[in-house]
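Notes follow once the structure below has been shown.
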Amino acid sequence: MSLAQLTALNTITKPLEGKVAVVTGGSRGIGATIAKVLAKNGAYVAINYQTSIDRAEAVVKEIEDQGGISFAIKSDVSKPDDVKSLMEEVKNRYGKIDILINNAGITRDRTFRKLSNEEWSEVIDVNLSSVFYTTSEVINHMLEQGYGRIINISSIIGQVGGFGQSNYAASKAGIIGLTKSLALETAKNGITVNAVCPGFIETEMVGEMPENVLENIISKIPMKRLGQTDEIAEAVLFLIQANYITGQSINVNGGLYM
Ligand code: NAP
């Protein structure tokens, strides 16, 4: 077989060939790695960002340099109108949406007694309400096409709580409840809805933590290290390809919570 034939065969057998994915918060951290992994596996990937246009464009360029197809799109996922435009733009460009990765997230850590209404609402809006807005925009479309993969990035903090993280923990626990309920409602229609619960992953979000706090956390992780973004992307790719798994929360945390 010639190299050209092998290359053609390789393209055809990419597992996500022909699929269209949207990754919220794909400009950096976990979302950027998920976007690259999905593109490498053949998906067309729309990369959403809020402010980091240069970094989002850099992810697109990296994907395109490797022969993938992608574009970046600005949208504040906590705003329903923004989200509507985001999904319309993706459908206009690629004709459909098969895979939705709800990854965008923020922290505004503060102990409960000092937590302001604004810090509460901002985190709930960006981390949890956004999942309702994005999913609402794609769910009818997925039902009509009889196929959909929705993966929500939750957190270990939604399972065990976090000091100074009532807002964040509530948003991430909320994601798990939403995931299970939507999975029940859509299971017979070719749609799976799952969550991934990362432990502590080496991104800017974790980089904001004081060094002594981080060292203390690492000492408690059975694997004695932070997770890497590609270790979350692996779980996402697995869930996209799994046909008989829905309503689950997959822990990727180095054994910190079992
Ligand atoms: P990160 O490096 O801080 O990146 C956050 C991403 O979310 C960026 O792409 C950012 O876009 C985007 N974003 C923030 N607010 C947005 C908004 N209103 N609209 C659209 N996009 C918005 O975070 P990360 O560490 O990769 O975390 C990704 C997800 O994993 C989050 O949901 C986080 O809660 C979860 N998680 C992370 C860890 C961890 O240890 N890192 C652990 C558990 C769960 P811009 O670049 O434009 O600002």
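Scanning the range 172-201 for residues that are near the ligand (Cβ under 8 Å from one of its atoms) and more than 23 Å from ILE240 (Cβ to Cβ) yields one hit, PHE200.
Here the range 95-112 is the region considered, the condition is being away from the ligand (no atom under 16 Å from the Cβ) and among the β-branched types (Val, Ile, Thr), and the residue that is farthest from ARG28 (Cα to Cα) is THR111. Tell me whether the range 12-22 contains one or more residues that are assigned to a helix (DSSP H, G or I), modelled with pLDDT under 95 and at negative phi. Yes; the residues of the range 12-22 include at least one that is assigned to a helix (DSSP H, G or I), modelled with pLDDT under 95 and at negative phi. If you go through the range 38-64 and keep only what is in contact with an Asp or Glu (Cβ under 7 Å, 6 or more places away or on another chain) and more than 6 Å from the ligand (Cβ to nearest atom), you end up with just GLY42. Selection of first residues in the range 201-225 that are under 26 Å from SER52 (Cα atoms) and of second residues that are small (Gly, Ala, Ser), restricted to Cβ pairs under 8 Å at least 6 apart or on distinct chains, gives the following pairs, ordered by first then second residue: ILE201/GLY29; ILE201/GLY227; GLU202/GLY227; THR203/GLY29; GLU204/GLY29; MET205/GLY29; MET205/GLY105. Scanning the range 29-45 for residues that are in contact with a helix residue (DSSP H, G or I) (Cβ under 7 Å, 6 or more places away or on another chain) and either part of a loop (DSSP other than H, G, I, E, B) or of a type in the set (Asp, Glu) (or both) turns up just one, ASN41. From the list VAL160, VAL126, the lone residue that is at pLDDT 95 or above and within 11 Å of the ligand (Cβ to nearest atom) is VAL126.
Within the range 86-94, can one find any residue that is within 10 Å of the ligand (Cβ to nearest atom), in contact (Cβ under 8 Å) with a residue 60 or more places away in the chain, in a helix (DSSP H, G or I) and farther than 18 Å from GLU204 by Cβ? Yes, the range 86-94 contains a residue that is within 10 Å of the ligand (Cβ to nearest atom), in contact (Cβ under 8 Å) with a residue 60 or more places away in the chain, in a helix (DSSP H, G or I) and farther than 18 Å from GLU204 by Cβ. I'd like to check something: does the range 122-135 contain any residue that is farther than 19 Å from GLN50 by Cβ and assigned to a helix (DSSP H, G or I)? No. The set of residues in the range 50-85 that are over 20 Å from LYS19 (Cα atoms) and assigned to a strand (DSSP E or B) contains only LYS74.
The values are calculated or read from the model by the stated rules, or taken from the named source; none is laboratory data. Keep in mind that this is a model prediction, so the values were computed, not measured. Glycine also receives a Cβ, built like all others from the backbone with ideal geometry; neighbour counts cover every protein chain displayed.
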